[in-house]
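Report on the following structure.
Just so it is clear, none of the values below were taken in a lab; they were calculated from the coordinates. All values reported here derive from a predicted model rather than from experimental measurement. Glycine gets a Cβ as well: all are built from the backbone with ideal geometry, and neighbour counts include every protein chain shown.
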Amino acid sequence: MKRIALFTALLGLALWAWNGTIATESASTDTQAQVGQPAPIFTLMDSNGNSHSLDDFLGQHVVLEWLNHDCPFVRKFYNAGEMQRLQEYYAEQGVVWLSIISSREGEQGYQTPEEINASIEEKNMRPAAVLIDEPGEVGRMYNARTTPHMFVINPEGVLVYDGAIDSNPSANPADIEGAENYVVAALSASMNGEEVATPTTRPYGCSVKY
Amino acid sequence: MIRFSTILLFFLFMMMASSLVAQPSPGSDHVDVRMISDVSVISPGDSGTFGFHMTIEEGWHTYWKNPGDSGIPARISWSGADGFETGEIQWPWPETFQEEHLITHGYKNETLLMVPFSANADLQPGSYELTANLEYLVCEKVCLPAFERHNITIEVGNETEYHAGNRALVSRFTEKLPEADHGLEPAFTVDEGTVLLRLTGDLTSLGDFDPDDITFYAYTDDMIEPSAPQQAQLDDDALWLKLQQSRYAPGTLTELNGVVVIRGSEGVTALDIQASR
């Protein structure tokens, strides 16, 4: 028991010494998205040249979907029609679904507005808008890591989910069925006035090509 | 007429050939996977090791069991394995990759994913074909998933016989598995997201190394933040590692499991760490 106490004291001392030397990391978090906090406000242009601000959607649930059509993990959901199904279903429920492309020009997933509109038609996409985030400021604000990376914002403007689309990190479309869709779970809970049971998960997919 | 039938035959042949080539699950152009077994004959009740030997194109990499900020580890599902027990994948220690703004853990050039297996004691002698369905992700700047089917035939006989070449391959990579029997005592504390891991004991067995050459890789993605800088310090009888708790940790960590990789001047040492608080 004595040894444990001594050890704890030593660890505490070491921590104290160490913290003293490195205390200046991780500043400027107020503009960073954080679950349970107001979602950072942004304004972006969509593929038709219309401007959208997150402010406009107070009073509604908002889904942010990071998008890159050349990413196999994104294709997993679009080729199976699953992403479109969710977009359409939640549009009917009054949810604003915003797909965001943060790929830098010349990188995988970058599309011109015309190419975005062609994809919307070809893939039968049903988001409220596809937003162009070049050079990635909004992606960095939300710390969007992968495509897909999903966020859910409640009608009060508070971020209630940040993470993977579902519980099975795989590129195999056969794995969609049987996985728990975290976006569906977050929206269902939030719409019923309940706490989101799993508010943060590790997103999986391709790295966002900033 | 001859010409017409020749053309017809040619097309028939092409159709047959393409149906033979067509696979439901495409493999990777950037990784060559060869499935091996270290035993050529296995006696009922004995065990062996399957290996998936990955030769990876330069510039590309595959992932370790905890891939880090992105990426996906390989998965294997078995069919035709009745009468055999197959274990979990054993992963050689990984390397660190910087992918854009993310840090990931995986393999370049070459690796061997190993799966221990055993033949049930009541298995009848004969020839058995097992199929491994292997899924993995290979990335350069872009990532491509691969879905491959690998078949292997195992003879069940009176006496287990080893395949010398495959056995040597397995033992070369077994050396890269985290070593559990290192005699060092792990303990850790967590203070506002800062994890301090201490290893106490005889550090001379670790050889010559610089604290900068030490990396801790957690076994699961909900313990340590892959992209946070790590710092190591040495004192007389302890090695200290300062890490950052993962943003995906369900609460303050009560367990810390992973591998400490020390890239010393005489080679790499990988220590299996199982610590609880």
For the range B:160-176, indicate whether the set of residues that are part of a loop (DSSP other than H, G, I, E, B), more than 14 Å from every other protein chain (Cβ to nearest Cβ) and under 25 Å from B:Tyr63 (Cβ atoms) is non-empty.
-> yes
Mind listing just one residue for me: the one in the range B:131-148 that is in a loop (DSSP other than H, G, I, E, B) and not β-branched (Val, Ile, Thr) and, of those, nearest to the other protein chains (Cβ to nearest Cβ)?
-> B:Lys141
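Determine whether B:Ile76 is within 11 Å of chain A (Cβ to nearest Cβ), β-branched (Val, Ile, Thr), in contact with a Phe, Trp or Tyr (Cβ under 9 Å, 6 or more places away or on another chain) and surrounded by 15 or more Cβ atoms within 10 Å (Cβ to Cβ). Let's see the steps before the verdict.
Numbers: within 11 Å of chain A (Cβ to nearest Cβ): no; β-branched (Val, Ile, Thr): yes; in contact with a Phe, Trp or Tyr (Cβ under 9 Å, 6 or more places away or on another chain): yes; surrounded by 15 or more Cβ atoms within 10 Å (Cβ to Cβ): yes.
When the stated conditions are applied, B:Ile76 does not pass them.
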How many residues, within the range B:224-254, are more than 10 Å from chain A (Cβ to nearest Cβ), hydrophobic (A, V, I, L, M, F, W, C) and in contact with a Ser or Thr (Cβ under 6 Å, 6 or more places away or on another chain)?
-> 1
Scanning the range B:255-277 for residues that are surrounded by fewer than 16 Cβ atoms within 10 Å (Cβ to Cβ) and of a type in the set (Asp, Glu), which turns out nearest to the other protein chains (Cβ to nearest Cβ)?
-> B:Glu255
Among (1) basic (Lys, Arg); (2) away from chain B (no Cβ under 14 Å); (3) closer than 29 Å to B:Lys65 by Cα, which single condition is A:Arg126 missing?
-> (3)
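Looking at the range B:193-208, which of the residues that are in contact (Cβ under 8 Å) with a residue 60 or more places away in the chain and more than 11 Å from chain A (Cβ to nearest Cβ) is surrounded by the fewest Cβ atoms within 10 Å (Cβ to Cβ)? I'd like the intermediate steps shown before the answer.
Keep residues of the range B:193-208 that are in contact (Cβ under 8 Å) with a residue 60 or more places away in the chain, which gives B:195, B:197, B:199, B:206-207.
Now restrict to residues that are more than 11 Å from chain A (Cβ to nearest Cβ): B:199, B:206-207.
Details: B:Leu199: 22, B:Leu206: 20, B:Gly207: 12.
Here the residue is B:Gly207.
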State all residues of the range A:89-105 that are without any contact (Cβ under 8 Å) to a residue 40 or more places away in the chain and either touching a strand residue (DSSP E or B) at 6+ places or on another chain (Cβ under 6 Å) or closer than 17 Å to A:Glu137 by Cα (or both); if no residue qualifies, say none.
-> A:Val96, A:Trp97, A:Ser99, A:Ile101, A:Glu105
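Each row is one residue, and each column tells you yes or no for (1) within 14 Å of another protein chain (Cβ to nearest Cβ); (2) out of contact with any strand residue (DSSP E or B) (no Cβ under 6 Å at 6 or more places or on another chain); (3) over 28 Å from A:Pro155 (Cβ atoms).
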residue: A:Pro169; (1), (2), (3): yes, yes, yes
residue: A:Ala174; (1), (2), (3): yes, yes, yes
residue: A:Glu177; (1), (2), (3): no, yes, yes
residue: A:Ala189; (1), (2), (3): no, yes, no
residue: A:Glu194; (1), (2), (3): no, yes, no
residue: A:Arg202; (1), (2), (3): yes, yes, no
Looking at B:Thr189, B:Thr220, B:Thr204, B:Thr252, which is the one that is β-branched (Val, Ile, Thr) and assigned to a strand (DSSP E or B)?
-> B:Thr189
